[in-house]
Amino acid sequence: MDTVSIREVAPRDGLQNEEPLPTDDKVRLIDALSGTGVRRIEAVSFVHPKAIPQMADADEVWARAWHNPEVRYSALIPNTRGAQRALAAGFREIEVVLSASDTHNRRNLNRSTDESLDDIAGLIPLIHEAGAKVEVIVATSFGCPFEGDIAPERVASIVERVRADGADRIAFGDTTGMATPRRVRDLLSAVRPDLLHFHNTRGTGLANVLTALELGITEFDASVGGVGGCPYAPGASGNIATEELVHMLEDMGLRTGINLERLIAAAQLAETLLGRTLPSGVLRAGPRTRLV
């Protein structure tokens, strides 16, 4: 293993936890990120504006953003209507999320986990027929703020179901930063995803990445500046900062293909657009070496 793939999630996962930004600002952020060398970007989500008002202008944002042909862009959808909008907009990588925690699933999606599994089973053929791929994200995989610990067997049963239903990819989400290296080992011993999404809420984000790397996982989500969280989970702040992750990986001799200086510039832009100081340590200190 000498390369690691990073999906930048600030435009969707990051901004959904902030006060709504003007469309122009969202487009500027996507365009800046598209020029950093990152190969995957989660651009928007097609959800009802009453549920996530921060994404109410998803169609316009995507229509106006730079579509770098070297970047794979994806969209998150909650239901059939969202899938139809994403496909009509031209997305060919679609993400759908459910929670391993039934309580969080009801708070987030207003239905049980089993009901979400049934919905996803119906969505997958619709998306495949349009020539697109489906990634199922299992939120609260490492713990839930409402239910506490989530048994690895619970996550494994969900993965077994969605793979049988035709999901192309699986991701595990650490929705409130409850993951630790021990929890990562326990879960990945029971079932393996294609991609991991860690939060740094409790300061264990990069340690969890290192543990996952040791176990052979090479795809991770991160958010420039550390922006993001989940509006339906208390304490869900703190995505891993993309520039911190890139700085660590490149210093370890692992290639990401991302230009760190351009990434820091994108993080500075995000800080300006949001009008507040972001938590990234690399953003404060700058790269100690020219990891570009």
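Considering only the stretch 22-73, state which residues are open to solvent by less than 60 Å² (accessible area, probe 1.4 Å) and among the charged types (D, E, K, R).
Of everything in the stretch 22-73, those that are open to solvent by less than 60 Å² (accessible area, probe 1.4 Å) and among the charged types (D, E, K, R) turn out to be 25, 26, 31, 40, 42, 57.
Looking only at residues in the stretch 274-292 that are in a helix (DSSP H, G or I) and not β-branched (Val, Ile, Thr), which one is modelled with the lowest pLDDT?
284
Considering only residues that are open to solvent by less than 40 Å² (accessible area, probe 1.4 Å) and either of a type in the set (D, E, K, R) or touching a helix residue (DSSP H, G or I) at 6+ places or on another chain (Cβ under 7 Å) (or both), which ones fall in the stretch 248-263?
248, 256, 258, 260, 263 - these are the residues of the stretch 248-263 that are open to solvent by less than 40 Å² (accessible area, probe 1.4 Å) and either of a type in the set (D, E, K, R) or touching a helix residue (DSSP H, G or I) at 6+ places or on another chain (Cβ under 7 Å) (or both).
Hey, among the residues in the stretch 181-193 that are assigned to a loop (DSSP other than H, G, I, E, B) and surrounded by fewer than 22 Cβ atoms within 10 Å (Cβ to Cβ), which one's nearest to the chain's Cα centre (by Cα)?
Only one residue fits best here, namely 192.
Looking at 243, 271 in this structure, which one is modelled with pLDDT of 95 or more and among the acidic types (Asp, Glu)?
Result: 243 is the single residue among 243, 271 that is modelled with pLDDT of 95 or more and among the acidic types (Asp, Glu).
Of everything in the stretch 108-127, what is more than 17 Å from residue 161 (Cα to Cα), surrounded by fewer than 18 Cβ atoms within 10 Å (Cβ to Cβ) and touching a residue at least 12 places away in the same chain (Cβ under 8 Å)? Give them in sequence order.
126
Considering only residues that are under 24 Å from residue 209 (Cα atoms) and of a type in the set (D, E, K, R), which ones fall in the stretch 248-285?
250, 251, 255, 261, 262, 284
Name the pairs: first residue in the stretch 241-270 and part of a loop (DSSP other than H, G, I, E, B), second residue modelled with pLDDT under 95, Cβ to Cβ under 6 Å, at least 6 apart or on different chains?
Partner pairs satisfying both residue conditions: 259/292.
Among the residues that make up the stretch 163-172, is at least one of them assigned to a helix (DSSP H, G or I) and under 18 Å from residue 191 (Cα atoms)?
Scanning the stretch 163-172 turns up at least one residue that is assigned to a helix (DSSP H, G or I) and under 18 Å from residue 191 (Cα atoms).
Of the conditions (1) under 20 Å from residue 40 (Cβ atoms); (2) touching a residue at least 60 places away in the same chain (Cβ under 8 Å), residue 226 clears all except one; give me its number.
Tallying (1) under 20 Å from residue 40 (Cβ atoms); (2) touching a residue at least 60 places away in the same chain (Cβ under 8 Å), residue 226 fails exactly one: (2).
Is it true that residue 85 is open to solvent by 20 Å² or more (accessible area, probe 1.4 Å), in a helix (DSSP H, G or I) and at pLDDT below 95?
no
Assuming residue 96 fulfils every condition listed in (1) under 18 Å from the mean Cα position of the chain (by Cα); (2) more than 25 Å from residue 143 (Cα to Cα); (3) without any contact (Cβ under 8 Å) to a residue 60 or more places away in the chain; (4) not in a helix (DSSP H, G or I) apart from one, which condition is it?
It fails just one condition, (2).
Restricting the search to the stretch 141-180, which residues are hydroxyl-bearing (Ser, Thr, Tyr), modelled with pLDDT of 95 or more and either over 27 Å from residue 227 (Cβ atoms) or crowded, with 20+ Cβ neighbours inside 10 Å (or both)?
Within the stretch 141-180, 141, 157 qualify.
How many of the residues making up the stretch 194-220 are assigned to a loop (DSSP other than H, G, I, E, B) and either at pLDDT 95 or above or of a type outside the set (D, E, K, R) (or both)?
10
Just give me the residues in the stretch 182-196 being under 15 Å from residue 240 (Cα atoms) and in contact with a helix residue (DSSP H, G or I) (Cβ under 8 Å, 6 or more places away or on another chain), in sequence order.
196
Using the structure shown, decide if residue 221 is of a type in the set (Asp, Glu), buried (at least 24 other Cβ atoms within 10 Å of the Cβ) and either closer than 28 Å to residue 29 by Cβ or out of contact with any Pro (no Cβ under 9 Å at 6 or more places or on another chain) (or both).
yes
The values are calculated or read from the model by the stated rules, or taken from the named source; none is laboratory data. Being a predicted model, the structure only gives us computed values, none of them experimental. Please note: Cβ atoms are built from the backbone with ideal geometry, for glycine as well, and neighbour counts cover all protein chains shown. Calculation scope for accessible area: heavy atoms of the full protein, side chains included, ligands and nucleic acids excluded. Shrake-Rupley method; radii C 1.70, N 1.55, O 1.52, S 1.80 Å.
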